[in-house]
1. Take GLU16 and tell me if it is charged (D, E, K, R) and either outside the structural domain of ALA72 (by TED's automatic domain parsing) or closer than 16 Å to GLN75 by Cα (or both).
2. Can you tell which of LEU162, LEU139 is at pLDDT 85 or above and within 18 Å of the chain's Cα centre (by Cα)?
3. For segment 116-139, check the following and say yes or no: at least one residue is more than 21 Å from PRO38 (Cα to Cα), touching a residue at least 12 places away in the same chain (Cβ under 8 Å) and touching a Cys at 6+ places or on another chain (Cβ under 8 Å).
4. Quickly run through segment 124-159 and pick out the residues that are assigned to a helix (DSSP H, G or I), over 30 Å from ALA67 (Cβ atoms) and of a type outside the set (A, V, I, L, M, F, W, C).
5. In the list SER82, SER163, which residue meets the criterion of being surrounded by 13 or more Cβ atoms within 10 Å (Cβ to Cβ), among the polar types (S, T, N, Q), touching a residue at least 12 places away in the same chain (Cβ under 8 Å) and not assigned by TED's automatic domain parsing to the domain that holds LEU31?
Amino acid sequence: MKASELHARMERSDVELLDVRTELEFNQGHLPGARNIPLDRLQADGSFTPENAARPLCIICQSGKRAEKALAHLQSACGIESCILEGGMNAWQESGRPVQKNRGTHGITLIRQVQMIIGAANLLGLVLAWQISFWWLLLPAMTSLGLLMAGLTGFCGLAVLLSKMPWNRIEH
């Protein structure tokens, strides 16, 4: 579903919104009225059932990849009528639609954490290769391979690992 169509359905109260991003990402900006259940929790606890969705469900993530996984899970496990927001929050924000932010939210987004770690690992590998042994070039080669695979598959193991770290969890 495109952002313009979703916005029209939201104004008619004709859709329920489920955001499957991490709690930190959700708190830094989400669609008004969206409910947050991170993808890993949605798949693990099975607490979302057809009874939880009074209206058709629109699933949202940052770019659409996690929403596709959540859609497949909900359709196979629950048979819930649902769709995804094409392009995710990126498309929603680019279209100039309203975004709600929670007060007091701070922290570095997950994607920026991934970028900083990979950048630091690449720089470290180059410095160590220059100073100690050319074998240290394997470090930037492996991180580059990880980025390539994340781009091709839509799955980033480092992002999954970082999402489970305590600084990316919000205590209720």
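The values are calculated or read from the model by the stated rules, or taken from the named source; none is laboratory data. Computed from a prediction, not measured in an experiment: that's the story for all the values here. Every residue, glycine among them, receives a Cβ derived from its backbone with ideal geometry; neighbour counts consider all protein chains shown.
1. yes
2. On the way: LEU139 fails: within 18 Å of the chain's Cα centre (by Cα).
When all the criteria are applied, what remains is LEU162.
3. Within segment 116-139 (the criterion being more than 21 Å from PRO38 (Cα to Cα), touching a residue at least 12 places away in the same chain (Cβ under 8 Å) and touching a Cys at 6+ places or on another chain (Cβ under 8 Å)), the answer is no, since none of the residues qualifies.
4. Answer for segment 124-159, where residues must be assigned to a helix (DSSP H, G or I), over 30 Å from ALA67 (Cβ atoms) and of a type outside the set (A, V, I, L, M, F, W, C): GLY125, GLN131, PRO140.
5. Details: SER82 fails: not assigned by TED's automatic domain parsing to the domain that holds LEU31.
SER163 is the lone residue from the list that is surrounded by 13 or more Cβ atoms within 10 Å (Cβ to Cβ), among the polar types (S, T, N, Q), touching a residue at least 12 places away in the same chain (Cβ under 8 Å) and not assigned by TED's automatic domain parsing to the domain that holds LEU31.
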